[in-house]
Amino acid sequence: MEAIPIIAALIFSVVVHEVAHAWQARREGDNTADELGRITLNPISHLDLMGSVIVPLALHFSGSSFLFGWAKPVPVNPAKYRDPVWGDIRVSMAGIVSNLILACLATLVVGILVKLGSVVGPLWGVMDVLIETVYYGIVINLVLAFFNLVPIPPLDGSHVVARMLPDSLAHRYREMGRYGILILMGVFYFLPGAFTYIMWPVTFLRGIADGFIRLWV
């Protein structure tokens, strides 16, 4: 049963992440995603069977301390951006910003639910499930935000790095995206300490969130 709130929080988080990309792309002048109906919170328009369901469930049931997933990437055309360079950066960062905002909102909601639960009681366990689901939202959104900052294509952070490179080198750098998942797996396998280093902001901010929630007890 624990998998249900985890997957629910993950699906909502990755959908908002992709919607943020699509929404910012439209603001930059590219309506490609909008025309394809990707500016919607309807998960059917965004979910990827492998990244949104199979991989998260496999990680969860394997006992992994790391949970990750993804949705179908939003199609964008940077050539349509009014400012191709900064437009690309802003569109890439929009997903990360959306996850950080969701983590803050989820922290506030958990605090309110904890306070409400102390007044009205568990309500047949419903309150506990709500708190658990929203709390997973805090952790998942922090992981999504900072993991996507890793500068390995096609993760969002790579777009910022690509814009800092000469065109010829940037092209070869982007082509790494075809092997991005394999590169990430290799890094985490051969350099397991790299994962701890990358995720330390998650641990730090989760501690701050926990401290805020305790204020409501």
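The values are calculated or read from the model by the stated rules, or taken from the named source; none is laboratory data. A quick note: this is a predicted structure, and the numbers were derived from the prediction, not measured. Cβ placement follows ideal geometry from the backbone for every residue including glycine, while neighbour counts extend to all protein chains displayed.
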Checklist (1) touching a residue at least 24 places away in the same chain (Cβ under 8 Å); (2) among the hydrophobic types (A, V, I, L, M, F, W, C); (3) closer than 30 Å to VAL129 by Cβ applied to ALA33, failing item: (3)
Number of positions in the range 94-135 that are in contact with a helix residue (DSSP H, G or I) (Cβ under 9 Å, 6 or more places away or on another chain) and either closer than 19 Å to VAL217 by Cβ or surrounded by fewer than 21 Cβ atoms within 10 Å (Cβ to Cβ) (or both): 28
Qualifying residue in the range 36-50 (condition: in contact with a helix residue (DSSP H, G or I) (Cβ under 8 Å, 6 or more places away or on another chain), among the acidic types (Asp, Glu) and surrounded by fewer than 19 Cβ atoms within 10 Å (Cβ to Cβ)): no
VAL53 vs. criteria among the aliphatic types (A, V, I, L, M) and surrounded by 21 or more Cβ atoms within 10 Å (Cβ to Cβ): no
Segments classed as helices (runs of 4 or more DSSP H), wholly inside the range 1-100, with at least 3 members that are touching an Asp or Glu at 6+ places or on another chain (Cβ under 9 Å) and modelled with pLDDT of 90 or more: 3-28
Residue satisfying all of: in the range 110-152; of a type in the set (S, T, N, Q) and part of a helix (DSSP H, G or I); nearest to SER92 (Cα to Cα) among these: ASN141
Conditions (1) under 20 Å from LEU59 (Cβ atoms); (2) surrounded by fewer than 21 Cβ atoms within 10 Å (Cβ to Cβ); number of the one not met by ALA9: (2)
When residues of the range 153-193 are limited to those that are at pLDDT below 90 and outside any helix (DSSP H, G or I), the one surrounded by the fewest Cβ atoms within 10 Å (Cβ to Cβ): LEU191
